[in-house]
Amino acid sequence: MRIQKKDVKQAEADLTPMIDMTFQLIAFFMVLINFSQSEQNARVVLPKSELAKPVDAPIEYPIIIHLTSDDAIVIGGDTISLDALRVRMAPEISLLELEGKTPADANIIIRAHRTAPGGRVQDLINRCQELGFEKFALRVKEDQS
Amino acid sequence: MKFRHRDRDDERTELQMTSMIDIVFLLLVFFVMTFKISAQEGDFNVRMPLQGEGAPSDSTQLPLKLRLISDGRGNLQEIILNDNLSFGTNWQDLRNYIVQTVGAPSGPDSDDGPEVEIDLDYDLHYEHVIEAITAVTGYRRGNDIVRLIDKIRFAPQR
């Protein structure tokens, strides 16, 4: 007996709209992803200010110093004490001098925790001044309230 | 004459979408998980040369001395301007006074504008220092920022 093969019709889903949407979502998240988080520190909650505005132009020769809630100083991932600041900054200063610049040309960006003692921030500024740094930027978070 | 129909289905090439969709979903999950809505950050610039060089640029205009007193636990207790004017803990009053004193707001690049010297207790929380800087630096009018005093420095430590 001859068995007739049935022509089984396969149902195919149209994947095009789903792929379109998925790519759009990926593009959205890629554009918005904040790569500058590398310069942030989880132990620092910045104080808020209504006048905080993102800087228009990139800051020249930035050196970011974190002052955490537990009074630790973090530079480039290294946790140091205030006394060790001179040693830690030596390579940064050498790097500046290699480019024909002085510490006065660099910008020290201070990211201090909101409840850190203000005097501690002043200590940090004073130590940097002793090393020849002159320009400081106190980083704050935009107050959205 | 009888035509033989060739089975054209065999010639159809189909793209294997499965692997691509796998990767695409992995990417999507990665970006969704790492996405974090964070407020924008900005800077207050403080120019502080070594002591001795940091004298006010205009000798006829003495800096406004802003004294911030802590209650011993880091909270703000009192704001005193020029050793005689107390504003309690009200930053708005201080700002209003600055607006009256400074008059026409100075431009961001003006070199001869007034200067504020902030004198704070050691243990005062940093957020109050920022509040002080915010109060004297300017205020928001709609989306614009009206600048008052741009030159800020810290008094020698207590």
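For this structure, a couple of remarks:
- In region B:122-158, the residues that are open to solvent by less than 40 Å² (accessible area, probe 1.4 Å), assigned to a loop (DSSP other than H, G, I, E, B) and more than 7 Å from every other protein chain (Cβ to nearest Cβ): B:Leu148, B:Ile149, B:Ala155
For every residue, the table says whether it meets (1) modelled with pLDDT of 85 or more; (2) surrounded by 15 or more Cβ atoms within 10 Å (Cβ to Cβ); (3) farther than 15 Å from B:Asn45 by Cβ.
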{"position": "A:Phe35", "(1), (2), (3)": "no, no, yes"}
{"position": "A:Gln40", "(1), (2), (3)": "no, yes, yes"}
{"position": "A:Pro47", "(1), (2), (3)": "yes, yes, yes"}
{"position": "A:Pro54", "(1), (2), (3)": "no, no, no"}
{"position": "A:Tyr61", "(1), (2), (3)": "yes, yes, no"}
{"position": "A:Leu67", "(1), (2), (3)": "yes, yes, yes"}
{"position": "A:Ile73", "(1), (2), (3)": "yes, yes, yes"}
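- Residue pairs whose Cβ atoms lie under 6 Å apart, sitting 6 or more positions apart in sequence or on different chains, and linking a residue in region A:49-76 that is among the acidic types (Asp, Glu) to a partner that is open to solvent by 60 Å² or more (accessible area, probe 1.4 Å), are A:Glu50/B:Arg140.
- Of all residues in region A:127-137 being open to solvent by 30 Å² or more (accessible area, probe 1.4 Å) and more than 7 Å from every other protein chain (Cβ to nearest Cβ), the one that is nearest to B:Gly72 (Cα to Cα): A:Arg127
- Annotation note: of A:Ile80, A:Ile108, the sole residue that is closer than 13 Å to A:Cys128 by Cα, touching a helix residue (DSSP H, G or I) at 6+ places or on another chain (Cβ under 7 Å) and not aromatic (Phe, Trp, Tyr) is A:Ile108.
- Residues of region A:100-119 that turn out to be within 18 Å of B:Arg47 (Cα to Cα), open to solvent by 10 Å² or more (accessible area, probe 1.4 Å) and part of a loop (DSSP other than H, G, I, E, B), as a count: 2
- Checking A:Thr79 against (1) surrounded by 18 or more Cβ atoms within 10 Å (Cβ to Cβ); (2) more than 14 Å from chain B (Cβ to nearest Cβ); (3) in a strand (DSSP E or B), the condition it does not meet: (1)
- Restricting region B:21-55 to residues that are modelled with pLDDT of 75 or more and more than 8 Å from chain A (Cβ to nearest Cβ), the residue that is farthest from A:Cys128 (Cα to Cα): B:Asp22
The values are calculated or read from the model by the stated rules, or taken from the named source; none is laboratory data. What you see is a predicted model; the values in this text were computed from it and never measured. A quick note on method: Cβ atoms are made from the backbone with ideal geometry, for glycine too, and the neighbour counts reach across all protein chains shown. Areas reflect the complete protein model, heavy atoms only, side chains present, ligands, DNA and RNA absent. Shrake-Rupley method; radii C 1.70, N 1.55, O 1.52, S 1.80 Å.
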